[in-house]
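A.B. asks: Encoded as structure tokens, here's the structure I'll be asking about.
Only the coordinates and a few stated rules stand behind these numbers; no lab work does. The structure presented is a predicted model; accordingly, all values stated were derived computationally and were not measured. Cβ placement follows ideal geometry from the backbone for every residue including glycine, while neighbour counts extend to all protein chains displayed.
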Amino acid sequence: SSPVIHHKHSNVIPTRAETILHQPHEMSSIITDSMAAVYQPLTPISNTLKKIDYSIVILEIVNLCLLTLSLCATIWALIKIRKLNYRRTTTRFDDVLIIVSLTGIYLYSIFSAFAIISNLSSSTWVAYVKLAIIILEFVEGTIHALFILLALRKRLRQTSKHKYPAREIITLLIMLDLSLWFEKTTTSTKHEANPFQLAFYHVIPWSIITAIATPLQIFFRFHASVCLSHVWANMYHLPPYEPIALRDF
């Protein structure tokens, strides 16, 4: 007689993955839901701000204070150094770095302003504050870059060798640039700090914009502090070979 083969039935419960593999319609529905979650627009601006209202307000107030103080100090320093001698420089590498990195501020300001203006009718008062800060950053960055380009070419007069105009202001500007550099480094890459832009552009387009603009913004602030350090050290230095004109006595 032939042997009887007894099949052992296991009591193993099939896993979620095994169930999905044997049910193609369920697997396709899960993939569809996942794709919809990726491309689904973000929540409206009003709902987003209800969750992070206080953090955004604190961040924007700090940013507003730094930019306002930097703009006022830059204008005051421009007035102070207007009577110093102008000397042409042989190197223009710092000029190129300042101008190229300034485009990061322009890109961020233009795209952010467009996103906020397009939703002002359905936004809270925080959007108006954010828009004012973006415009202020655009103006401050332009004037700040012009001041650095001019200050790199200014030198002290022989008649005012015991006076150091705008030296304290330049020291303040170095500290402000380092503060803005730290602020940009820690907050610009976080999506929570840009709810208006995310609600308008969504995650992927805004991530591409920030990937281009944010490194330039960070480098602008860092390089500005380096250039101002050179200005602080070289603007008030009189070369020993510089002749003294008779009209200066």
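A.B. asks: What FRET efficiency do you get for Y86 and S229 if R0 is 25 Å and r is their Cβ-Cβ distance, rounded to the nearest 0.05?
C.D. replies: Efficiency at R0 = 25 Å is approximately 0.75.
A.B. asks: Could you check the spin-label model distance between I99 and I204? Points 7 Å from the Cα along Cα→Cβ, value in nm.
C.D. replies: 3.6
A.B. asks: Which residue, N119, A73, I212, has the largest displacement toward the positive end of the dipole of segment 42-237 when charges sit on each Cβ (Lys, Arg +1; Asp, Glu -1)?
C.D. replies: A73
A.B. asks: Using only the Cα atoms, work out Rg/Rh for segment 42-237, with Rh taken as the Kirkwood radius, to two decimals.
C.D. replies: Rg divided by Rh gives 1.05.
A.B. asks: Quick one: if you stick a label point 7 Å off each Cα along the C-beta vector at L150 and K163, how many nm between them?
C.D. replies: 1.7
A.B. asks: Restricting to Cα pairs below 8 Å that are 6+ residues apart, what does the relative contact order work out to for segment 42-237? Please round to a whole percent.
C.D. replies: Computed over segment 42-237, the figure is 38 percent.
A.B. asks: Based on alpha-carbon positions alone, could you give the equivalent ellipsoid semi-axes of segment 59-175 from the gyration tensor, as √(5λ), descending, whole Å? Write out the running numbers ahead of the final one.
C.D. replies: Details: eigenvalues 232, 56, 16 Å².
Working from the Cα gyration tensor, I get semi-axes of 34, 17, 9 Å.
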